Amino acid sequence: MIDPVMIMGITEAVLAQAEPEAAITGPDIIKAGALIGAGICMGFGAIGPGIGEGFAAGKACEAIGRSPEQAGLLTRTMLIGQAVSESTGIYALVIAFIMLFRG
Amino acid sequence: MELTAESWEMIGRFGGAGLALGLGGIGAAIGMGRTAAKANEAIMRQPERHGLLLRTMLIGQAVGSSPSIFALVIGFLIIFMPSSGANTGPLFAAATIGAGLCVGLGCLGGGVGCGWPSAAGCEGVARNPRRATQITTVMIIGQAVAQSPSIFAVVISLILLFVALPGTGLAAIGIGIGAGIAMGASALGPGLGSGTTGGGAVEGISAWPKTQAITLRTMLIGQAVCQTPAIFGMLVAFIMLFTLQDIENNIVGLAKILGAAIAVGFGGIGPGIGCGIVGQTSCRATSEKPQHDTLMLRTMLIGQAVSQSTAIYALIIAFLLLLGV
C-alpha cells in the first residue's frame with residue numbers, strides 16, 4: 001500500500017525545492033539533524049512531567065479539600081513531589097540546549 | 001523526480017483531507033461513546049427517568065460532536081476549494097497537509113475533552129433529576145470552553161488554506177506543515193484538559209447544586225490556565241506564518257521550523273492534560289467544601305503553574321530555534 005519508491009520520489013521532489021546553489025552537504029545535514037532533534041527532544045520530553053505533576057497537584061487539591069487545616073503541609077509535599085517529577089523535563093531541556101548550541 | 005502542479009495538488013488535497021477527518025473524527029467519537037456509556041449506566045439506575053436521561057445524553061453528544069463538524073468543514077474546503085488561490089505546486093501541498101494536521105490534531109483533543117462533561121452530566125442528572133436543567137447548563141458551558149482550542153486550530157487552518165506562505169522553497173514547505181503541527185498538537189492537550197476540568201465541575205455541581213456560582217468560577221479559571229499551551233502554539237504558528245521571511249531556504253531552515261513545531265506542539269500535550277486533572281479535583285473539592293474556596297483556588301493555581309513549566313521550556317526551545325541560533 002505505501003510504496004517505498006513513491007515515498008522516496010516525493011521526498012526527493014520536496015528536497016529539490018531547496019535553493020539550487022545550496023546543495024545539501026554533510027555539515028548541513030548534521031546541523032539540521034541537531035535542530036530537529038532538539039525540537040523532538042523537548043517536545044516529547046514535556047509530555048511526561050506535565051501529566052505527572054498534574055496527577056500530584058490533583059491529589060493534593062483533593063486532600064486539601066478533605067482536611068483544609070493541613071494545607072501548608074500538603075502544599076509543601078505536593079511541591080516536593082512535583083520538583084522530583086520535573087527532573088526528566090530538565091534532562092530533556094539540557095539535551096535540547098546542547099543540541100541547539102553545540103550541534 | 002519532478003512532480004507536476006496537478007500531482008502536488010492531488011497529494012495536498014487528499015493527504016490534507018484524510019488527515020483532517022482521520023484524526024479529527026477520533027476525538028468526538030470517543031467522547032460521544034463515553035457519554036453513551038455513562039447514560040446507559042444512569043438509565044440502569046433510574047429506568048423511570050429514561051426520557052430525561054436520553055435527552056441529556058443527546059444534548060451532550062450534539063455539543064460534543066462539534067469538533068468533528070469543524071474537521072468535516074475544513075476537509076470539504078481542502079477537497080473542493082479552487083486551487084488558483086495563494087499557493088501553487090508543492091506549497092499548496094504543504095499548506096493543505098498542514099491545515100489537515102492542524103484541524104485533525106486539534107479536534108482530537110477537543111472531542112475527547114467534550115466527552116467528560118457530558119458523561120458527568122448524564123451521571124449527575126441520574127443522581128439529581130430535579131436539577132436537570134442546571135446540570136445541563138453547566139455541562140454545555142464546560143463543553144463550550146473545552147472546544148476553544150479546536151476553534152483556534154480552525155482559525156490557523158483557514159489561514160493556511162487562504163493566505164500565501166512566505167517565500168518559496170523548502171522553508172515555505174516547512175512553514176506550511178510546521179504551523180499545522182504547532183497549532184494542532186498544542187491544541188490537543190488543552191482540549192483534553194479543559195474537558196476534564198469541566199467534567200469535575202459538573203460532578204461537583206450535581207452533588208452539591210447550591211455551590212454552582214463558586215464551582216463555575218473555579219472551573220472557568222482552571223480551564224483558562226489549561227488553555228495556555230494552545231495559546232503558545234498559536235503564537236508560534238503566527239510567528240511562522242507572518243514573520244519568518246528571512247530564514248534559510250535549505251534543509252537547516254526546514255529542520256529549525258519542524259523542530260520548533262514539534263517542540264511547542266507536542267510539548268503542550270502533557271501540561272494540558274495535567275492541568276486538566278488538577279482542575280477536575282479542585283472543582284469537585286470546591287463543591288464539597290465551598291467555605292474553603294480561596295484555599296482551593298490557590299492550591300489549584302500553584303499546581304497548574306508547576307505543571308505548565310515544561311510547556312514553557314518547550315516554548316523557549318521553539319523561540320530559540322525560530323528566532324535565535
Item to complete: Name the most mobile residue of B:G18, B:G272, B:G27, meaning the one with the largest mean-square fluctuation, in a Gaussian network model of chain B with Cα contacts below 10 Å.
Response: B:G18
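D for chain B, whole µm²/s, Stokes-Einstein with Kirkwood Rh over alpha-carbon pairs at 20 °C and 1.002 mPa s: what number? Present the calculation step by step, with values, prior to reporting the outcome.
Numbers: Rh = 20.0 Å.
Stokes-Einstein gives a translational diffusion coefficient of 107 µm²/s.
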Discussion item. Which of B:A255, B:A146, B:A185 ends up with the largest GNM mean-square fluctuation for chain B, with Cα atoms connected below 10 Å?
Written reply: B:A255
Item to complete: Please name whichever of B:S307, B:A172, B:T243 sits farthest to the positive end of the charge dipole of the protein assembly as shown, dipole taken about the Cα centre and charges placed at Cβ: Lys and Arg +1, Asp and Glu -1.
Response: B:S307
Item to complete: Would you please classify the overall shape of the protein assembly as shown from the alpha carbon gyration tensor, given that a ≥ b ≥ c denote the square roots of the eigenvalues, rounded means a/c under 1.5, and beyond that prolate means a/b larger than b/c while oblate covers the rest?
Response: oblate
Fill in: Peptide B:290-299, shielding by other chains (average Cβ, 10 Å cutoff)
3
Worksheet, complete the sentence: The residues B:W208, B:W116, B:W8, sorted from fewest to most surrounding Cβ atoms within 10 Å, come out as B:W208, B:W8, B:W116
Practice prompt. Please report how far the C-alpha centroid of the stretch A:37-103 lies from that of the stretch B:67-91, rounded to the nearest whole angstrom.
Written response: 39
Worksheet item: By the scheme Lys and Arg +1, Asp and Glu -1, what is the net charge of all other residues having a beta-carbon under 12 Å from that of B:T310?
Response: -2
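At a 10 Å Cβ-Cβ cut-off, how would you order B:T196, B:T299, A:T75, B:T137, fewest neighbours first? Could the numbers behind the result be given before it?
Values: B:T196 34, B:T299 26, A:T75 20, B:T137 16.
In order of increasing Cβ crowding within 10 Å: B:T137, A:T75, B:T299, B:T196.
Between B:S83 and B:R127, what length comes free when the chain is fully extended (0.36 nm per residue of separation minus the Cα-Cα distance, one decimal in nm)? Please list the in-between numbers first.
On the way: separation 44, 0.36 × 44 = 15.84 nm, distance 5.40 nm.
Answer, rounded to one decimal: 10.4 nm.
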Worksheet entry | Burial ordering of B:T96, B:T243, B:T35, fewest other beta-carbon atoms within 10 Å first | B:T243, B:T35, B:T96
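Given a Förster distance of 45 Å, report the FRET efficiency between B:F162 and B:R217 from their Cβ-Cβ distance, rounded to the nearest 0.05.
Values: r = 38 Å, r/R0 = 0.85.
Efficiency computed from Cβ-Cβ geometry: 0.70.
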Fill in: Set of aspartates and glutamates near B:K256 by C-alpha distance (under 19 Å), chain-local residues within fewer than 8 positions excluded
A:E19, A:D28, B:D246, B:E248
Worksheet, complete the sentence: Length gained, B:D246-B:F76, 0.36 nm per residue minus C-alpha separation, equals 57.9 nm
Worksheet item: Tell me, how many Å apart are the Cα centres for the stretch B:121-154 and for the stretch B:208-231?
Response: 12
Practice prompt. Report the residue, chosen from B:P271, B:P47, B:P290, that carries the largest GNM mean-square fluctuation when chain B is represented by alpha-carbon nodes joined by springs under 10 Å.
Written response: B:P47
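Every read-out reported here was derived from the displayed coordinates using simple, explicitly stated rules and does not represent laboratory data. Model, not experiment: these values are computed from the prediction. No Cβ is skipped: glycine too gets one built from the backbone with ideal geometry, and neighbour counts run over all protein chains shown.
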